[in-house]
Amino acid sequence: MASLYLVGSLDGVTEGGHVTLDGAEGRHAVSVARVRLGETLRIGDGDGTVVSGPVVSTERDALVLEVATLEVVPAPSPTLTLVQALAKGGRDEMAVQASTEIGVDRIVPWAAARSVSRWEGAKVEKGRARWASIAHEASKQAVRPRVPVVAQPVTTAQLAASVGTGRVVLVLDPVADVRLSAWDAPADVDDITLVVGPEGGIDGSEFDRLVAAGAVRVRLGDTVLRTSTAGPAALAILQTRLGRW
């Protein structure tokens, strides 16, 4: 499969036209990946539009692609959201990377009660931007036409308030009665949100608040996974249950 590079916009691009890849992406393509004339590339805008075609010119830090094909990939329905608790040791970042490769559509940082890692002050935007960068690079690796949105961090109260019509919230719990592999999504659901706790697990009061709002506790199996692997594992199950894999 051809490599994928991302640009800010492909508005107005048509088959037979040309797209310039410059900046950091163009520099990487020409100077690192050693893309040459005639090589076929895929360029996307991260929002579903992807063009492909041969490289017709190169410069030191840029190249020009002639558009042979243009494809617009619609957003999946239902969408998949990962609410990932902040975690230490980069485990939350590992979850972001793997979940993006597996196909998550939206990622929400969660300041859970037992999260050792904390984003405060300037760390909030710095942390969100870091996750967004990881999702961007993982999307390129997976050749995904859509880059997941990384939202602003939420509190438990905000998370509970988000449960509503069209959105199902599934909270991963290693002792839940319902297995995710046996759970069926309602026909009218627009979004399935997976909630993953931090290293120390989800606090009992948080479980109570989320369940009272309408969330459902589900488990993966008989073992307990780390916060870095639980979300990706659950997403893989949902991709299979939804018939996408």
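The values are calculated or read from the model by the stated rules, or taken from the named source; none is laboratory data. On a predicted model such as this, the values are computed, not experimentally measured, just so you know. We place every Cβ from the backbone using ideal geometry, glycine too, and count neighbours over all the protein chains shown. SASA here: full protein model, heavy atoms, side chains in, ligands and nucleic acids out. Shrake-Rupley method; radii C 1.70, N 1.55, O 1.52, S 1.80 Å.
For the reader, a short list of remarks on this structure follows.
- Candidate set: region 135-174, residues that are open to solvent by 40 Å² or more (accessible area, probe 1.4 Å) and of a type in the set (K, R); chosen: the one farthest from L82 (Cα to Cα): R146
- Candidate set: region 1-54, residues that are touching a residue at least 12 places away in the same chain (Cβ under 8 Å), more than 17 Å from A142 (Cβ to Cβ) and among the basic types (K, R); chosen: the one surrounded by the most Cβ atoms within 10 Å (Cβ to Cβ): R27
- Within region 107-138, the set of residues being within 23 Å of F207 (Cβ to Cβ), touching a strand residue (DSSP E or B) at 6+ places or on another chain (Cβ under 9 Å) and of a type outside the set (G, A, S) comprises I107, V108, P109, W110, R114, W119.
- The set of residues in region 206-245 being in contact with a Ser or Thr (Cβ under 8 Å, 6 or more places away or on another chain) and open to solvent by 60 Å² or more (accessible area, probe 1.4 Å) consists of R209, R241.
- Candidate set: region 12-26, residues that are charged (D, E, K, R) and over 23 Å from the mean Cα position of the chain (by Cα); chosen: the one nearest to V147 (Cα to Cα): D22
Residue-wise test of (1) in contact with a Cys (Cβ under 6 Å, 6 or more places away or on another chain); (2) closer than 21 Å to P145 by Cβ; (3) modelled with pLDDT under 95.
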site: T69; (1), (2), (3): no, yes, no
site: A75; (1), (2), (3): no, yes, yes
site: V83; (1), (2), (3): no, no, no
site: Q97; (1), (2), (3): no, yes, no
site: I102; (1), (2), (3): no, yes, no
site: A122; (1), (2), (3): no, no, yes
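- Condition met for V178 (of a type in the set (A, V, I, L, M, F, W, C), crowded, with 20+ Cβ neighbours inside 10 Å and in contact (Cβ under 8 Å) with a residue 40 or more places away in the chain): no
- From V196, V218, V169, V175, residue being at pLDDT below 95 and of a type outside the set (D, E, K, R): V175
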